[in-house]
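A quick write-up on the structure given underneath.
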Amino acid sequence: MSFPFGFGILNTAGSALTADQELMDIIGQNVANAQTPGYVNQQGVLTENIPYPPSNYPNPSSPGQLGTGVQVSAVTQSISNSLNNAYQSENSSVGNSTETSQILQQVQSALGESGSSGTSSAGISTLMGTFFQSLQSLAQNPSDLSLRNAVLQAAQNLVNGIHSLNSSLSSIVSNANQSVVNDVQQVNQDLNQIAQLNQQIKAIQAVPGQNANDLIDQRDQLLNQLSNLINIQVSYQPSGSAIVSMGGVEVVQGSQVNLLTTYTDSNGNTQLQFKNTPSVSVPLNNGELYGIINTRDNIIGNIATPGTLYYQLNQDIGQMAAQVNSISQLGYTANGTTNVPFFNSDPDNDGDVDAGIGTNADSGTDNINWLSGIQVGITDPNNIANTAAFVSSVQNMNNASTTIDPSQILSSDQAAGDFLVTPSSASGTITINGVNINWNNTQSINQILQNITNSGAGVTATFDPNSQEIVLARNTTQNQTYLGAGIPSPNITVSDTSGNLSQVFLINTTGNPVPFPTAVSAPGGSSDNTNLNYLSGLQTSSNPLLGNASISQFYDTIVSNLGTQTSNAQTNLNQAQSVLNQTSNQIQSVSGVNLNEEAIALSQAQESFNAAAKVVQVINQVLNTLITGPGAGL
């Protein structure tokens, strides 16, 4: 059987017109969506129609096969799954770095410091420096009441600044917690929509020749959006359904969704868990959610997490309060009293001394938030301790006709008769403030005095060559021996149970040996500045509990480290964004709409359409001639 003349070619030309029209429709769709985010370029796939007769048709009535035209058998997309996966991975890094950078910039602003030097007028570093400078000024004129008031005002300004910093950090953490809640809601919404699109795509693509291109575009947009929030890995099934995993845990499988939920941990922070399987750890390691949680927990942190910003700030402020209080408690005020802490020593009101020294000194197990709890404990400016206790020999040590050489060993000075009174034995033990110091006559006076100073007894022992006397002065920067052991007397207590070295140190005018009394003290008056010098020196004094840094050095290091972390976060963001842009450009070159290429394709389709139309026109003319020409009715 064969087609009547003309009808076969009309069918063939008609199929070309239809196919070319479909191609032009596809090109029009591409051009219309050239600027649509997430739109993937589509192409019509042209395939030859089944010829006549079919290859398996028995006994054809005419030799060979006749073509029956062309058809658009499918509409495909220019998709590179490997590029899409690379984009989603880098997009997670951008989300992580963006949140990290933004939060750290907020923290840096809250600190109010300029760079790592702490020069901002609003920063703790400046307020702390002003406080210690006010103590130095008072040390120059301890009896000046206006300078005493200035110390209290500077202290209150420092406390207010610390409280303000704590409030700002608390707000940043609170905002981070709310951001976690918001992001989890968005993640769950995206997961649900991806699962729904999986079902629709699977149903459409189950029909031969059908591609759910627009739905796939929507799903890819959701996957890209999701990748900014969490770290995801995407794979595809032959049915067109996408499997979405997070760190190896499937969160979308077909129409099934593993949603997230939140809970509050012991620190009051919002954490993640899977809604239906809370025992399974959420393998979050990138994306916006990770950036928020990691920055909040591991950089800002809390007072119980070593190495974090909050912990270090709290440590620094707590040590400042403890050191200032310890020195204040061992000093004498202008009112002649002692044991007066400068800052509040028990902010949690549990009866333990958390800053300073006392019979109920805390063991350090409590987590005290000094950023919120520190207060100025003194209201009367005259209660600022300005004087440190000291005691000296009541008479010089040498014989009237000699001079003591403190660098000579004791036995040599004894043999030369330089001492007015010599020890009754060659060695022994002298006890100062409860600390035993061993001595022997093969040591010099200087060596013995150095041993006393280094013993941890809380005194500095020196020899005055002019008066030829020993001076023991309370060194209030060496109070660690007493922490937790009760408040020691600010006086200097001395006992001499063997060796009678005290006979060398203290001699009365009659020449009879006089032992150290149980407690001796000679505090100065309101104009004495010895304790004020100790207080002001804390700003630069080494503190073993701060890694041998001073209070100011430790704080400046905190600020410097934060500046480095903030700078690194911005660098990481810039690098991640650059890589993301490059990957996006690569995807655009593969999947995007190239208007020049579309113009060429449109021109080709139009020419093909015109040619097919010309064929139809010619066949119509031939058929018309055959029908209406001479003999047409025979």
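The values are calculated or read from the model by the stated rules, or taken from the named source; none is laboratory data. No experiment lies behind these values; they were computed from the predicted model shown. Glycine gets a Cβ as well: all are built from the backbone with ideal geometry, and neighbour counts include every protein chain shown.
Numbers below:
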| read-out | value |
| --- | --- |
| Residue in segment 438-461 that is modelled with pLDDT under 85 and more than 20 Å from ALA389 (Cα to Cα) present | no |
| Filter result for the condition that a residue is more than 30 Å from GLN105 (Cα to Cα), within 49 Å of the chain's Cα centre (by Cα) and acidic (Asp, Glu), over GLU597, GLU607 | GLU597 |
| Residue count for segment 251-277, restricted to those that are over 29 Å from ASN367 (Cα atoms) and in a loop (DSSP other than H, G, I, E, B) | 7 |
| Every residue from segment 300-314 that is part of a helix (DSSP H, G or I) and crowded, with 20+ Cβ neighbours inside 10 Å | ILE300, LEU309, TYR310, GLN312, LEU313, ASN314 |
| Some residue of segment 415-422 being assigned to a helix (DSSP H, G or I) and more than 26 Å from ALA322 (Cβ to Cβ) | yes |
| PHE516 vs. criteria in a loop (DSSP other than H, G, I, E, B) and either in contact with a strand residue (DSSP E or B) (Cβ under 7 Å, 6 or more places away or on another chain) or at pLDDT 80 or above (or both) | yes |
| All positions within segment 323-344 that are over 22 Å from ASN149 (Cβ atoms) and either surrounded by fewer than 24 Cβ atoms within 10 Å (Cβ to Cβ) or not assigned by TED's automatic domain parsing to the domain that holds SER542 (or both) | ASN339 |
| LEU289 vs. criteria more than 16 Å from ILE230 (Cβ to Cβ), hydrophobic (A, V, I, L, M, F, W, C) and not in a loop (DSSP other than H, G, I, E, B) | no |
| Pairs with Cβ under 6 Å, 6+ apart, first in segment 40-51 and in contact (Cβ under 8 Å) with a residue 24 or more places away in the chain, second surrounded by 13 or more Cβ atoms within 10 Å (Cβ to Cβ) and of a type in the set (Asp, Glu) | VAL40/ASP217; GLY44/GLU22 |
| Residues satisfying the stated conditions in segment 433-451, i.e. surrounded by fewer than 17 Cβ atoms within 10 Å (Cβ to Cβ) and at positive phi | GLY434 |
| Cross-chain or 6+ apart pairs with Cβ under 6 Å, segment 371-392 first and modelled with pLDDT under 95, then part of a loop (DSSP other than H, G, I, E, B) and among the hydroxyl-bearing types (Ser, Thr, Tyr) | ALA388/THR476; ALA389/SER521 |
| Number of positions in segment 274-297 that are among the polar types (S, T, N, Q) and either surrounded by 15 or more Cβ atoms within 10 Å (Cβ to Cβ) or on the phi > 0 side of the Ramachandran plot (or both) | 3 |
| Number of positions in segment 315-339 that are farther than 25 Å from THR126 by Cβ and in a helix (DSSP H, G or I) | 1 |
| Criterion violated by ASN440 - all others in (1) over 24 Å from SER326 (Cα atoms); (2) touching a Phe, Trp or Tyr at 6+ places or on another chain (Cβ under 8 Å); (3) without any contact (Cβ under 8 Å) to a residue 60 or more places away in the chain satisfied | (2) |
| Among the residues listed as GLN582, GLN586, the single one being assigned to a helix (DSSP H, G or I), farther than 30 Å from ASN325 by Cβ, touching a Leu at 6+ places or on another chain (Cβ under 7 Å) and at pLDDT 85 or above | GLN586 |
| Of residues in segment 89-100 being buried (at least 22 other Cβ atoms within 10 Å of the Cβ) and of a type outside the set (Asp, Glu), the one farthest from the chain's Cα centre (by Cα) | ASN91 |
| Residue in segment 4-23 that is at pLDDT 80 or above and part of a loop (DSSP other than H, G, I, E, B) present | no |
| Lone qualifier among SER560, SER608 - being in contact (Cβ under 8 Å) with a residue 12 or more places away in the chain and not assigned by TED's automatic domain parsing to the domain that holds SER89 | SER608 |
